[in-house]
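The values are calculated or read from the model by the stated rules, or taken from the named source; none is laboratory data. Fair warning: this is a prediction, and the values are worked out from it, not measured in the lab. Here the Cβ is made from the backbone with ideal geometry for all residues, glycine too, and neighbour counts use every protein chain on show.
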Amino acid sequence: MKKFIALLIVLAFVFVLSPVSFAQTAQKIAYVDLSRVFDEYNKTGDFDKVLEEKSVKYQKERNSKLEKIQEAERKLTLLKESERQKLQDQIQKNKDALLGFDRKNQTDLRKERDEKIREILLEIEGVVKSYAEKEKYDLILNDRVLIYGSKNIELTDIIVGILNKK
């Protein structure tokens, strides 16, 4: 019986101290809305403008090549048979060149976009890591893995502010 009482006292003592020990091991956790950080980062907007300019330039050049093909196709009906075949061959070469031009430019634009996105995401990751180390966070999550996160532990505005000060 004395052993049983001693065991109850020990268990009560453990249960009383458990919240204290849990509080001492509590971790500092926060989350970041990565999509919003990416969208609100000035560098993302600047890159979007550069990419848009390149896209417009490409589209103008493409339209110019396409107009030349269409103009040549309109002339086909007016030509003699021997000249028509030469022009058809040239039109086909121009169409093939246009397809190659399209593929190359779309590939180049996609590759540049992917590289820049990767660069921006790595920069965001570096800022988050630096902030976490400075402020002694144990864990900072991307909001996409959360089911719920209190606004009290969201760091999105702080991270956007740090990025845009650079």
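Computed values, structure above
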{"quantity": "Residue selected from segment 29-74 under the condition closer than 17 Å to LEU109 by Cα, in contact (Cβ under 8 Å) with a residue 12 or more places away in the chain and over 14 Å from the mean Cα position of the chain (by Cα), by the criterion surrounded by the most Cβ atoms within 10 Å (Cβ to Cβ)", "calculated": "TYR58"}
{"quantity": "Which listed residue, of SER82, SER150, SER130, is of a type in the set (Gly, Ala, Ser), modelled with pLDDT under 90 and under 30 Å from LYS28 (Cβ atoms)", "calculated": "SER150"}
{"quantity": "Single unsatisfied condition, SER130 versus (1) surrounded by 10 or more Cβ atoms within 10 Å (Cβ to Cβ); (2) over 30 Å from ASP157 (Cβ atoms)", "calculated": "(2)"}
{"quantity": "Per-region count, segment 29-58, residues closer than 25 Å to LEU141 by Cβ and either polar (S, T, N, Q) or not in a helix (DSSP H, G or I) (or both)", "calculated": "9"}
{"quantity": "The lone exception for ASP102 - which of (1) within 30 Å of LYS165 (Cα to Cα); (2) surrounded by 10 or more Cβ atoms within 10 Å (Cβ to Cβ) it fails", "calculated": "(1)"}
{"quantity": "Only listed residue being surrounded by 14 or more Cβ atoms within 10 Å (Cβ to Cβ) and under 16 Å from the mean Cα position of the chain (by Cα), chosen from LYS95, LYS116, LYS111", "calculated": "LYS116"}
{"quantity": "Lone unmet requirement of (1) surrounded by 11 or more Cβ atoms within 10 Å (Cβ to Cβ); (2) touching a helix residue (DSSP H, G or I) at 6+ places or on another chain (Cβ under 9 Å) for THR77", "calculated": "(1)"}
{"quantity": "Among (1) more than 20 Å from the chain's Cα centre (by Cα); (2) modelled with pLDDT of 85 or more; (3) not in a helix (DSSP H, G or I) - the single one ALA26 does not satisfy", "calculated": "(2)"}
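One line per residue, one yes/no per condition, for (1) aromatic (Phe, Trp, Tyr); (2) in a helix (DSSP H, G or I); (3) free of Cβ contacts under 8 Å to residues at least 40 places away in the same chain; (4) over 14 Å from TYR41 (Cα atoms):
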{"residue": "GLN106", "(1), (2), (3), (4)": "no, yes, yes, yes"}
{"residue": "GLU112", "(1), (2), (3), (4)": "no, yes, no, yes"}
{"residue": "LYS116", "(1), (2), (3), (4)": "no, yes, no, no"}
{"residue": "LEU122", "(1), (2), (3), (4)": "no, yes, yes, no"}
{"residue": "VAL127", "(1), (2), (3), (4)": "no, yes, yes, no"}
{"residue": "TYR137", "(1), (2), (3), (4)": "yes, no, no, yes"}
{"residue": "TYR148", "(1), (2), (3), (4)": "yes, no, yes, yes"}
{"residue": "ILE159", "(1), (2), (3), (4)": "no, yes, no, no"}
{"residue": "ILE162", "(1), (2), (3), (4)": "no, yes, yes, no"}
